[in-house]
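The structure appears below as C-alpha cells.
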Amino acid sequence: MKKYLLIGAGVIGLFYACATNPITGKNELNFVSNTELFPSSFQQYGTFLKENKIISGTADAKRVEVVGLKIKTAAEKYLAYLGQTGYLNGYQWEYKLIDSKEINAWCMPGGKIVVYSGILPITKDEAGLATVLGHEVSHALANHGAQRMSASQLQELGAVGVAVATGQQSAEKQQMWQQYYGLGSEVGVMLPFSRNHESEADKIGLTLMAIAGYNPDEAIVFWQRMTTQSGGQSPPEFLSTHPSDATRMANLKALIPEARAMAAKVNASYK
C-alpha cells in the first residue's frame, strides 16, 4: 500500500535547488524565471487595481507609501550589504491601499503590493504597518510565489505518477489512492512548505523593519493585536498555510536580537 503513496510523494520530495537565494541563504525550488513571472504578475496587478477601489490622497494612503518606501530602501541596503546589488533588477515596487474590510495585505512577484484598509485598525501606526509590509516584501525577495508555482507543478506530476502506478487496479482503488495522495501531499508537504515560507518572510521582514529604523519589538505587539482581533479562532496549525499566532510570536521573539544585530551592521556600512 505504501509504495503507491511513495511514488507520488517521492516526486513531490524532489525539492532540489535551482539556485541559492541570497536573502535566505537556502537552495530554492524554482522552475520559473523572473523574466517569465514578472510580466504576468504586473498584468494581474493592473487588472486587480482596475477592479477595486484605490484609496489615494488620504493620510492612510500616504502612510502606506511612506512605510513602503522605507521597506524598499531597507531591502536595497540589505542586498547591497550582501553583495547582491543586481538582485532587484526587474522589480517594480508599487504600494496601493485598497478600500476593503478584509484584514489582509499581499505582495506579488516583482514588488507589486496591496494593503487592504481593513488591516489598518490593527497595524495602528507605522511600526505595525512596517511589520506587515516587511513580511509581504520578503515573500517577493525570497521568490516564494515562484516556489509555490513550482511545488504545485511537482504535486500535479506526483498525481500523474500515482495514476500510472495504480493504472492496473480498479477505478475505485485508483480513486482511493488519488485521495490518499492528495491528502498526504497536502498535509505532509504543501502545507508545511507554505508555513516555512511564512516563517521565512517573518524573519526577513523583521530584519527589514529594523534596517528601516523601526523597533522590531513592535512586530510582537502587532501579532498580539491580530490574535485579539481573531479571538483565537484559527484551524490547527498542521492544517493551515500559516504558523499559529503563538508559534509566530515565539519565533519572532527569538529572532529579534539577530534582526537588530544585522540592522546595525547594514546601517553601519552606509555611514
Could you count how many residues in segment 25-73 are open to solvent by 60 Å² or more (accessible area, probe 1.4 Å) and outside any loop (DSSP other than H, G, I, E, B)? 17
Can you tell me which residue within segment 104-127, out of those that are at pLDDT below 90 and of a type in the set (A, V, I, L, M, F, W, C), is most open to solvent (accessible area, probe 1.4 Å)? W106
For segment 92-101, state whether one or more residues are over 29 Å from S230 (Cβ atoms), surrounded by fewer than 17 Cβ atoms within 10 Å (Cβ to Cβ) and among the small types (G, A, S). no
Criterion violated by L14 - all others in (1) outside any helix (DSSP H, G or I); (2) of a type outside the set (S, T, Y); (3) at pLDDT 90 or above satisfied: (3)
Being more than 20 Å from T123 (Cβ to Cβ) and either modelled with pLDDT of 65 or more or among the hydrophobic types (A, V, I, L, M, F, W, C) (or both) is true for just one of V164, V221. Which residue is that? V164
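The values are calculated or read from the model by the stated rules, or taken from the named source; none is laboratory data. Since this is a predicted model, take the numbers as computed values, not measurements. Quick reminder, even Gly has a Cβ in these numbers, built from the backbone with ideal geometry, and neighbours come from all protein chains shown. Heavy atoms of the whole protein, side chains included, go into the accessibility calculation; ligands, DNA and RNA do not. Shrake-Rupley method; radii C 1.70, N 1.55, O 1.52, S 1.80 Å.
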